[in-house]
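First the structure, in the form of C-alpha cells, and then the observations on it.
The values are calculated or read from the model by the stated rules, or taken from the named source; none is laboratory data. Every value quoted in this text rests on a predicted model; they were computed, and no experiment measured them. Glycine gets a Cβ as well: all are built from the backbone with ideal geometry, and neighbour counts include every protein chain shown.
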C-alpha cells in the first residue's frame, strides 16, 4: 500500500498535466512570450539601460587523475586546468524613444492576439471539460 503523500503527489501530477491545461498552454504561448517581452522592455525603460547576456569561457582548477587507467599502476589524483562556460550580464545603453516605440508595438500586438487566444481557450475548455 502506498503512503498517502505519494498518492497525493501522483494525483496532483496527473491533474496538473491534463489535456485541457496542455491545450490552454499551447493556445496562450504567444501571449505569454509577449508578456515577458513587455515586462522586460518596461523594466529597461524604467531602469534607463538594458542588460546584454553573453557566454564567456573561463578556466578553473578541478580534480582529475593523471594519465589513462592502467591496472598495474594506480592513477594519482591531480589538479587540471579546465574550461567552463559562464553567462555574464553587462549593462548596455538604450534609446528610450526606441524602447517606448517597441513597448507600444508589443502592447498593440498583444491586444490583437488577446481575442484570438481567448477564443482558443474557450475552445479548449469546450473540447476538454474537467
For the structure I just gave you, tell me whether residue 66 is within 18 Å of the chain's Cα centre (by Cα) and either closer than 21 Å to residue 121 by Cβ or modelled with pLDDT under 95 (or both). no
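Residue-wise test of (1) under 30 Å from residue 106 (Cα atoms); (2) touching a strand residue (DSSP E or B) at 6+ places or on another chain (Cβ under 6 Å); (3) in a helix (DSSP H, G or I).
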| position | (1), (2), (3) |
| --- | --- |
| 40 | yes, no, yes |
| 43 | yes, no, yes |
| 50 | yes, yes, no |
| 53 | yes, yes, no |
| 59 | no, yes, no |
| 75 | no, yes, no |
| 79 | no, yes, no |
| 82 | no, yes, no |
Which numbered condition in (1) exposed (fewer than 10 other Cβ atoms within 10 Å of the Cβ); (2) touching a helix residue (DSSP H, G or I) at 6+ places or on another chain (Cβ under 6 Å) is the only one that residue 94 fails? (1)
Scan the range 97-111 residue by residue and report those that are loosely packed, with under 11 Cβ neighbours inside 10 Å and either in contact (Cβ under 8 Å) with a residue 60 or more places away in the chain or within 25 Å of the chain's Cα centre (by Cα) (or both). 108, 111
Which number in (1) in contact with a helix residue (DSSP H, G or I) (Cβ under 9 Å, 6 or more places away or on another chain); (2) not in a helix (DSSP H, G or I) marks the one condition that residue 121 misses? (2)
Which condition from (1) assigned to a helix (DSSP H, G or I); (2) not assigned by TED's automatic domain parsing to the domain that holds residue 22 is the one that residue 34 breaks? (2)
